[in-house]
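The values are calculated or read from the model by the stated rules, or taken from the named source; none is laboratory data. This is a predicted model, so every value here is computed, not measured. Note that each Cβ is placed from the backbone with ideal geometry, even for glycine, and that neighbours are counted across all protein chains shown. Side chains are part of the model used for accessible areas, which takes the heavy atoms of the whole protein and leaves out ligands, DNA and RNA. Shrake-Rupley method; radii C 1.70, N 1.55, O 1.52, S 1.80 Å.
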There are 2 protein chains.
Amino acid sequence: MFETASPDTVRQYLVDLQSRITGAVAAIDGGTFIVDPWHKAPDEPLQGKGITQILENGAVFERAGCGFSHVRGPRLPPSATQHRPELAGAPFEAMGVSLVFHPRNPYAPTVHMNVRMLAAKNPEGQTVCWFGGGMDLTPIYGFEEDAVHFHQSCKDALAPFGDDKYPLFKTWCDDYFFLKHRNEPRGVGGVFFDDFSELGQDQSFAMLRAVGDAFIGAYMPIVERRKDLAYGSRERDFQLYRRGRYVEFNLVWDRGTHFGLQSGGRTESILLSMPPHASWSYQNVPAAGTPEAALYSQFLVARDWV
Amino acid sequence: MFETASPDTVRQYLVDLQSRITGAVAAIDGGTFIVDPWHKAPDEPLQGKGITQILENGAVFERAGCGFSHVRGPRLPPSATQHRPELAGAPFEAMGVSLVFHPRNPYAPTVHMNVRMLAAKNPEGQTVCWFGGGMDLTPIYGFEEDAVHFHQSCKDALAPFGDDKYPLFKTWCDDYFFLKHRNEPRGVGGVFFDDFSELGQDQSFAMLRAVGDAFIGAYMPIVERRKDLAYGSRERDFQLYRRGRYVEFNLVWDRGTHFGLQSGGRTESILLSMPPHASWSYQNVPAAGTPEAALYSQFLVARDWV
């Protein structure tokens, strides 16, 4: 049913993906997602609607937000048309699924995934689509097998679309999810791509689906093997501290978040990514030889995982 | 000793102010500030040094950061010279004291204060100084007498410098400390001014001192009367949630923080303002008639307090 990329088929795929993912999370957690459909008031500059789903205070996930949104605007912003001058100022629509899951157990990593499409009509009246997205993993305590599994899943998903895709998108992810003010990667990365249409619309959409479809298999097995590990206040404290970095990245550097908040997006949906609890403390540097120090020295470094 | 505004006298004033304020906080708290002098490495673009002072996990203050910094740069950025074209590209120095105090008791408000000077040499070789700063109060639970006392202190401090100053700077504060993505003021405001030299250098510096000197009297009596009020998990939860707003403002909207992080400032000193703990939850709207709802309806609104 998804052979052809069109705003309708992409929307159907995305809404279904959101349901599959929240279903998988609810199954492992035992809790229930709030499902909150919303739409922007007709007098707002950007017309849009969406479905926000969030599970808070669950047994396995302390906060798991997964949003679908679909907005229409009267003219593409210049940032979206630098590679497509023929579409400058064209009406557009954008839709995507975006999620961030914060598990309760400090040994289970935070994860982010996003798949999105931008579409506009060219002067001949044809709809042109392009795609972006990716997924990346942010451990609090690093496990090599988790990072390898996550990257291998990304690589396998992209393999049918060319051997160049995984290394290219892996590097792109490392570059994007980097906290310049800390000189520190957000986590162990994954894949990231944007503004993608080079395989043609239908195959580019197929690649997007491959990434979206790979998410559950890339992440859920990691949660399964970490969610019941014993931990104490030391691990909890480090988790809260590291979540502060997640906040810093999203509010200072993430273009979607920062631009969304500054331009009148739906705040509560944009901030689904925020952790349930976070902390800050001065010059928090773990002692050498501890598992906390190993996060910085062995995982938050440029590294090939597969 | 402070009759004449010069980089030397301003620096002496600021370092002394920092000591007086941290002394007052340590006296009420019983805890001790970490005093951390720092300087930027010689190969960094902005030369600078400072003294970061922070008290964490105190009896009264959960996190109280107060920093002095003094940076020199080879050329004024364009944003600093739009009203002073004759100084475009001139070497400059900037110095200031900036503080944010997060009390432990949810009935005691968070406070921010900043006093700063920018100085550059004009083409005739004379040093030109201008000033900025202010203070603002962010209650978790609102108390009318606290807001009135804080604003009255600001108004009294500014009275010798013209009756127009308090209303002008009060409005400026309301405009600046506003979370556009929440359509919500950060707190009950106070005063804010920037780029100020209209009274001449010496009197403008005198006004800056009046604001700095007023801080202890404006804030400490409020902490004294709130620090021992009984509270429970409901008040603590609301405090953590509201501190999330503080994080959002500072990382998304505060020019000093956002620009500082993006341009290579000293991260740990810039983020002295972060709360020790903060939380986020979806669509957290207090029930009508509660004290939490009163914060939004009676305190986070445009209001004249004196």
Just want to confirm a number: the relative contact order over chain B, from Cα pairs under 8 angstrom separated by 6+ residues, in percent. 17 percent
Name the residues whose placed amide hydrogens come within less than 5 Å of the amide hydrogen of A:His102, ignoring near sequence neighbours (fewer than 5 apart) on the same chain. A:Glu62, A:Arg63, A:Ala64, A:Gly65
Chain-alone versus full-assembly comparison, region B:161-205, residues with accessible loss of at least 30 Å² (1.4 Å probe): B:His181, B:Arg182
With +1 assigned to the C-beta of every Lys and Arg and -1 to the C-beta of every Asp and Glu, and no other charges, what is the dipole magnitude of chain A about the Cα centre in debye, to the nearest 20? 600 debye
Could you name the lysines whose alpha carbon sits less than 25 Å from that of A:Lys49, not counting residues in the same chain fewer than 8 places away? A:Lys40, A:Lys121, B:Lys180
How crowded by other chains is A:245-255, given as the mean number of beta carbons from other chains within 10 Å of each beta carbon? 3
Applied in sequence order to region A:256-262, the curve 6.51 cos²θ - 1.76 cosθ + 1.60 (Karplus, θ = phi - 60°) yields integer Hz couplings, x standing for Gly and Pro, of x, 5, 4, 5, x, 5, 7
About its Cα centre, region B:142-264 carries a charge dipole, from +1 on Lys and Arg Cβ atoms and -1 on Asp and Glu Cβ atoms, whose size in debye to the nearest 20 is 580 debye
How much FRET efficiency would the formula 1/(1 + (r/R0)^6) give for B:His83 and B:Leu168, where r is the Cβ-Cβ distance and R0 is 25 Å, rounded to 0.05? 0.95
iface B-A | buried accessible area, total | probe 1.4 Å | Å², round 100 | 2900 Å²
Amide H neighbours of A:Gly48 at under 5 Å, excluding residues fewer than 5 places away on the same chain, with H built from the backbone geometry, are A:Lys40, A:Arg72
If you put a point 7 Å past Cα along the Cβ direction, how far is that point for B:Pro91 from the same point in each other copy, in nm, smallest first? 5.9
Semi-axes of region A:218-292's equivalent ellipsoid from the Cα gyration tensor, sqrt of 5 times each eigenvalue, largest first, rounded to whole Å? 28, 18, 10
23 Å Cα-Cα reach of B:Lys165 towards lysines, excluding residues that sit fewer than 8 places from it in its own chain: B:Lys155
Apply the Karplus curve 6.51 cos²θ - 1.76 cosθ + 1.60, θ = phi - 60°, to the phi angles in region B:149-164 and return the couplings in whole Hz, x for Gly and Pro. 4, 5, 5, 4, 4, 5, 5, 4, 5, 8, 3, x, 9, x, 5, 6
Using helices alone, I'd like the mean residue ellipticity at 222 nm for chain A: each DSSP H run of four-plus residues gives -39500 (n - 2.57), total over residue count, nearest 500. -11500 deg cm²/dmol
Each label point is 7 Å from the Cα along the Cα-to-Cβ direction; what then is the distance between the points at B:Ser19 and B:Arg225, in nm? 3.2 nm
Accessible surface, the protein assembly as shown, averaged per residue in Å² (probe 1.4 Å): 40 Å²
Based on the alpha-carbon gyration tensor of region A:116-161 and its eigenvalue square roots a ≥ b ≥ c, which shape applies: rounded if a/c is under 1.5, prolate if not and a/b is larger than b/c, or oblate? oblate
Compute the Kirkwood hydrodynamic radius of the protein assembly as shown, taking the inverse of the mean of 1/r over all pairs of distinct Cα atoms, and give it in Å to one decimal. 26.1 Å
Can you tell me, using C-alpha contacts under 8 Å and at least 6 residues apart, the relative contact order of region A:168-210 as a whole percent? 35 percent
Could you identify the residue of B sitting closest to the B-A rotation axis by Cβ and state that distance rounded to whole angstrom? B:Leu251, 2
Using the Cα centre of the protein assembly as shown as origin and beta-carbon charges of +1 (Lys, Arg) and -1 (Asp, Glu), tell me which of A:Leu208, A:Gln283, A:Leu229 is placed farthest towards the positive end of the dipole. A:Leu229
Let me know the Rg and Dmax you get for chain B when you use only its Cα atoms, in Å. 19.1, 63
Over region B:43-189, what is the mean sequence separation of C-alpha contacts under 8 Å (at least six apart), divided by residue count, expressed as relative contact order in percent? 15 percent
log₁₀ of I(q)/I(0) at q = 0.18 Å⁻¹ - region A:191-247, Debye sum with one point per alpha carbon: -0.81
Tell me, what % of the accessible area of region B:226-306 is carbon and sulfur with a 1.4 angstrom probe? 53 percent
Whole-Hz Karplus ³J(HN,Hα) for region A:60-71, in order, using 6.51 cos²θ - 1.76 cosθ + 1.60 and θ = phi - 60°, x for Gly and Pro? 9, 10, 6, 7, 10, x, 9, x, 10, 9, 8, 10
Once neighbouring chains are kept in place and the probe is 1.4 Å, which whole percent of the accessible area of region A:67-141 is contributed by carbon and sulfur? 55 percent
For A:Phe2 and A:Glu44 in one chain, what is 0.36 nm times their gap in residues minus the Cα-Cα distance, to one decimal in nm? 11.9 nm
